[in-house]
Structures are given as structure tokens and as C-alpha cells.
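Encoded as C-alpha cells, the structure appears first; notes follow it.
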Amino acid sequence: MKARGGEKIHLAETLKRALKKTKVSAIGGLGDLDMIERIIAEGKADMVALGRALIADLDLPRKAWSGESRDILLPVSVASSA
């Protein structure tokens, strides 16, 4: 599952560095599970917010957890830019 997005990650990263005791969430077109994992693993944000991705596929968390990522339905806005 590949998608463009994450153009606003630098904002979350900047906030996380400035607000050391506050949890920061990344937003903005995050439909790519690999990107989401990298954002958290690299410490750019503490969590991610999935809006359109969850509207398009309510089972996204279950599918991701169980290794069914290729079955995840992307929102049109994310899928059309992939």
C-alpha cells in the first residue's frame, strides 16, 4: 500500500522538538503504512491521525495488524496520488 502524503510531517517534528513533554500527532494524507511506521520509529511524532483512511476502510487497523495491508482500501484522494 503506497501513497503520497505526509507533507505536514515537518510541522509535527518541529512541535515535538519544541514541546518535549507534550504528545504530538502527525496529520495529512497518511495512508501509507510504511510511512506511518517510519514517522513513529524516527520520533517525528508520537502518534498519527487517520481520517480519510479510516472512512475509506474501517478495518484498516485490523488489516494492518494482521498483515493484510495489500487489502486496505485507500481513500480516493490518497489512491489517485499514488
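The table for this structure:
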| read-out | value |
| --- | --- |
| Extreme residue, nearest to Gly5 (Cα to Cα), among residues of segment 31-55 that are among the small types (Gly, Ala, Ser) and at pLDDT below 90 | Gly31 |
| Pick from segment 60-72, criterion in contact (Cβ under 8 Å) with a residue 60 or more places away in the chain and assigned to a helix (DSSP H, G or I), ranking: surrounded by the fewest Cβ atoms within 10 Å (Cβ to Cβ) | Arg70 |
| Top-ranked residue in segment 16-36 [being outside any loop (DSSP other than H, G, I, E, B) and of a type outside the set (S, T, N, Q); ranked as surrounded by the most Cβ atoms within 10 Å (Cβ to Cβ)] | Ala26 |
| Count of segment 33-55 residues which are among the small types (Gly, Ala, Ser) and free of Cβ contacts under 8 Å to residues at least 24 places away in the same chain | 1 |
| Boolean, Asp57 is under 13 Å from the mean Cα position of the chain (by Cα), surrounded by 13 or more Cβ atoms within 10 Å (Cβ to Cβ), within 19 Å of Arg70 (Cβ to Cβ) and among the acidic types (Asp, Glu) | no |
| Subset of segment 1-25 [under 16 Å from Pro61 (Cβ atoms) and free of Cβ contacts under 8 Å to residues at least 40 places away in the same chain] | Ser25 |
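The values are calculated or read from the model by the stated rules, or taken from the named source; none is laboratory data. What you see is a predicted model; the values in this text were computed from it and never measured. Glycine also receives a Cβ, built like all others from the backbone with ideal geometry; neighbour counts cover every protein chain displayed.
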